[in-house]
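Working notes, beginning with the structure itself.
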Amino acid sequence: MARMSVFDSPLLLGFDDFERVLDRVAKSSDEGYPPYNIEQIGQEHLRITLAVAGFSMDELDVEIENNQLVIRGKNHGDDGSRVFLHRGIAARQFQRAFILAEGIEVTAARLEDGLLYIDLLRPVPEPQVRKVKIEHSAAKSNNKSAKMIDVEPGE
């Protein structure tokens, strides 16, 4: 059965990229590690906070790739010298991606007390109204002045 999309309407033109982004978000929403919060900390400012206990600063990487904020953690692991009776603190590598809307900028990232804070700037766009000029059709006016010319084969 074919998947129905909200964007199949003929009134929604040019939303193909947006639909692909929504598909990527839906696929990545199944990930549960590491847990995170997204907060609005001002009119134009957002903050993403990830719980990355056990990771040092050199084991974390924050990059922007094709309008995606990608956070990777690669724990170098245990050297084998410790014996765990219970291991409840995750020590696995992870990758968490967030799709950034057009115009959002990453302004800072800091690691503090096992939490990775990533600050974002989201400028509020000014509403724009643009008038489109309507032109007269040139096809009608040209047909009235056109003359019929008979051309014989071989000329």
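So how many residues does segment 91-124 have that are under 16 Å from Glu65 (Cα atoms), free of Cβ contacts under 8 Å to residues at least 24 places away in the same chain and charged (D, E, K, R)?
Residues flagged as under 16 Å from Glu65 (Cα atoms), free of Cβ contacts under 8 Å to residues at least 24 places away in the same chain and charged (D, E, K, R) within segment 91-124 amount to 1.
Asp119 is checked against (1) surrounded by 11 or more Cβ atoms within 10 Å (Cβ to Cβ); (2) out of contact with any His (no Cβ under 7 Å at 6 or more places or on another chain); (3) modelled with pLDDT of 85 or more and fails just one. What number does that condition carry?
Result: Asp119 fails condition (2) only.
The values are calculated or read from the model by the stated rules, or taken from the named source; none is laboratory data. Keep in mind that what you see is a predicted model, and the values were worked out from it rather than measured. Cβ atoms come from the backbone with ideal geometry, glycine included; neighbour counts cover every protein chain shown.
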